[in-house]
Amino acid sequence: MKKVAPVVDALIVVGARTRANSQRLREVAEREGCPVSVLAQRAADLDWSMFEGITSLGITAARRRRR
């Protein structure tokens, strides 16, 4: 995340909003300089207008913990 976030125009973190790991990935992207970083559990959760005009998009997924 620390290497990708500064070089993309936007980043999508796929994961549950209630999971700390998902939130943390989005926060790291923002802190590392990614102009647009969003957390979504599914494509329907995204506001696609946020991605107008971008030339590079990063996508990552939060890891689900096993019990």
- Task: Please enumerate the residues belonging to region 2-36 that are among the small types (Gly, Ala, Ser), surrounded by fewer than 20 Cβ atoms within 10 Å (Cβ to Cβ) and within 19 Å of residue 64 (Cα to Cα).
- Result: 16, 20
- Task: Exactly one condition in (1) assigned to a loop (DSSP other than H, G, I, E, B); (2) at pLDDT 95 or above is not met by residue 12; state its number.
- Result: (1)
- Query: Considering region 1-51 alone, what residues qualify as being polar (S, T, N, Q), over 13 Å from residue 63 (Cα atoms) and touching a Gly at 6+ places or on another chain (Cβ under 7 Å)?
  - Reply: none
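The values are calculated or read from the model by the stated rules, or taken from the named source; none is laboratory data. All values reported here derive from a predicted model rather than from experimental measurement. Backbone-built Cβ (ideal geometry, glycine too); neighbour counts: all protein chains shown.
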